[in-house]
Structures are given as C-alpha cells and as structure tokens.
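Working notes, structure below.
The values are calculated or read from the model by the stated rules, or taken from the named source; none is laboratory data. Values in this document were obtained by computation on a predicted structure and should not be read as measured data. Backbone-built Cβ (ideal geometry, glycine too); neighbour counts: all protein chains shown.
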Amino acid sequence: MLVAEIRRIAGRRGSYWSALLIGLGAVVLMAIIRIYQDGDAGGTEFLDAMGPISLVATLMAVLVGALAGSYDTAQGTMRYLVMTGVPRRRLYATRVLGTALATIICCAPAIVVGIVAAYALRHNSFNDPTASSVLGAIWAYLVNPVVYALVSVGVGSLLRSNGAAIGVSLGFALGGGVITGLVNAYVSESLSGYLLTAAAPIVADLDRHAEIPLAAAFAALVAWVTVFVCAGLWRTLNDEY
C-alpha cells in the first residue's frame, strides 16, 4: 500500500514533477550565482545555504501535501478505497507516511546536486565539506518541506477540496511568518519561537540564535504537526463517503 501511495502522489505529475524540478532549479541557480559572484561555492558555505534555499521546496511541498490529503475525496475515489475493507486509520496513515517519503524523494535530486556542487566548486581544503556538515545540510533542507507537506495533508484531509486545501496550506506557510513576526515584535520573543513558522527553522538549525532551546522547538514542532495530522484523521474517520 505504501509503494502504491507514493506512486499515486508522484503520478500527479503537474504538482509533483513541478516540485522536483523547481526545487532542483533553485539549487542549480544558487550554484551559478555563487560562481558568478565569488568565483567559487565556498565548500561548507554552500552547504550552509542549502537550508534557506529549501523555502522553494517547502512551497512546492505544500501543493503536493494538500493534493495528497484532498484528492481522493475531491475526485470521489475515497469511497472505493473505503469499500476495499482496509481500515480508515490504515488508509490515512499510509497517506501521511507516503507523503513524507514522496517529499523526501522529491527533494533528493536537489540535495545531491547541492552536495556535489559543494565539493566540486570549493577553492581550498579549508572549506572542504565534512561528513557532519553534509548531514546537517541534508537535515536543514528536508525539515521544512516534510513538515509543511504533513501539515498540508492534514489540512487537505480536513477540507476535502483541492483548491481550499492548497489555499489554506499556503496561507499557513506564508502568512504564518507574518504572524510570527508580529508576535515576536509586540508580544514575546520567546512565545514566537513556539509558533510553527519559527519552530521549524530552529529544528532545522537555521536559526542558531533562537530564543528557545532546540528541545523546546522540537517539541513545539511535533505538537503542531500532530494537531494538523490528527485533524485530518478525525475528518477521515467520521466523514461519509
């Protein structure tokens, strides 16, 4: 079932292949710009930029996740999946896990190109990437796309409409940053660190001067993802198809 789910997600070529190619293109463009400006990619400096450039992959992962959550219901095929006798919890768990794995697969080409560029374009041994910096770059690149893909699955399953799921999910991804900034400026810097759009970069180690500890940010991020995923599960278990 899991392999079939990943194939179904990848089979929506318009969203999935666009996400893969646009994410890959952003990394390639970053490499070209750094070569043009600096004459090199700076080894570890290039890997440090992998996290911020994942914003492009994050926005595309929102589309992939939203469609994964809402597509079957919107197209009227969910009733046939339920009629197979497979428990709804298993169907939903497969969808969530399949979306996470499909997102990782979608990000893999951009990550590979980024790592290869970091090694190929370095200019001295001082900037040679280490194993820890490579693993850190992979983690930093993947956290936000996977998190927002899972959030979008929950939103899509809850709303059941492709358009509404995409719109609301993008709203959380883009508008959440504005809300976080307002909370940070006018309420509390520490409190803003517990919001989704602040906790995810902290966990990805993009914000090294965060106001809250890494463990607290990780717990907040897990809590946010759990809320959205459980909301989608509730709708899946209680809806009539």
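General remarks:
- The lone criterion from (1) more than 25 Å from ALA140 (Cβ to Cβ); (2) touching a helix residue (DSSP H, G or I) at 6+ places or on another chain (Cβ under 8 Å) left unmet by TYR80 is number (2).
- In region 198-218, the residues that are in a helix (DSSP H, G or I) and without any contact (Cβ under 8 Å) to a residue 24 or more places away in the chain: ALA198, ILE202, LEU214, ALA215, ALA216, PHE218
- Some residue of region 180-195 being surrounded by fewer than 15 Cβ atoms within 10 Å (Cβ to Cβ), of a type in the set (A, V, I, L, M, F, W, C) and in contact (Cβ under 8 Å) with a residue 12 or more places away in the chain: no
Yes/no matrix, rows are residues, columns are (1) buried (at least 21 other Cβ atoms within 10 Å of the Cβ); (2) touching a residue at least 40 places away in the same chain (Cβ under 8 Å); (3) under 19 Å from TRP139 (Cβ atoms):
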residue	(1), (2), (3)
ALA4	no, no, no
LEU24	yes, yes, yes
ARG34	no, yes, no
ALA57	yes, yes, yes
VAL64	yes, yes, no
ALA68	yes, yes, no
GLY76	no, no, no
THR84	no, no, no
ARG89	no, yes, no
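- Residues (among the aliphatic types (A, V, I, L, M), out of contact with any Leu (no Cβ under 7 Å at 6 or more places or on another chain), over 18 Å from PRO109 (Cβ atoms) and part of a helix (DSSP H, G or I)) located in region 41-97: ALA66, LEU67, ALA68, ALA74, MET78, VAL82, MET83, ALA93
- Matching entry among GLY114, GLY154, GLY175, GLY181 (being at pLDDT 90 or above, of a type in the set (Gly, Ala, Ser) and in a helix (DSSP H, G or I)): GLY154
- Condition check for GLY163: among the small types (Gly, Ala, Ser), surrounded by fewer than 18 Cβ atoms within 10 Å (Cβ to Cβ) and either more than 19 Å from LEU20 (Cβ to Cβ) or touching a strand residue (DSSP E or B) at 6+ places or on another chain (Cβ under 7 Å) (or both): yes
- Checking each residue in region 203-241 for being crowded, with 21+ Cβ neighbours inside 10 Å and modelled with pLDDT under 90 picks out only ALA204.
- Looking across region 157-167, the residues that are touching a residue at least 60 places away in the same chain (Cβ under 8 Å) and in a helix (DSSP H, G or I) come down to SER157, LEU158, LEU159, ASN162, ALA164, ALA165, ILE166.
- Of the residues making up region 215-240, those that are of a type in the set (D, E, K, R) and touching a helix residue (DSSP H, G or I) at 6+ places or on another chain (Cβ under 7 Å) number 1.
- Residue list for region 145-164, filter: closer than 20 Å to LEU55 by Cβ and in contact with a Leu (Cβ under 7 Å, 6 or more places away or on another chain): VAL147
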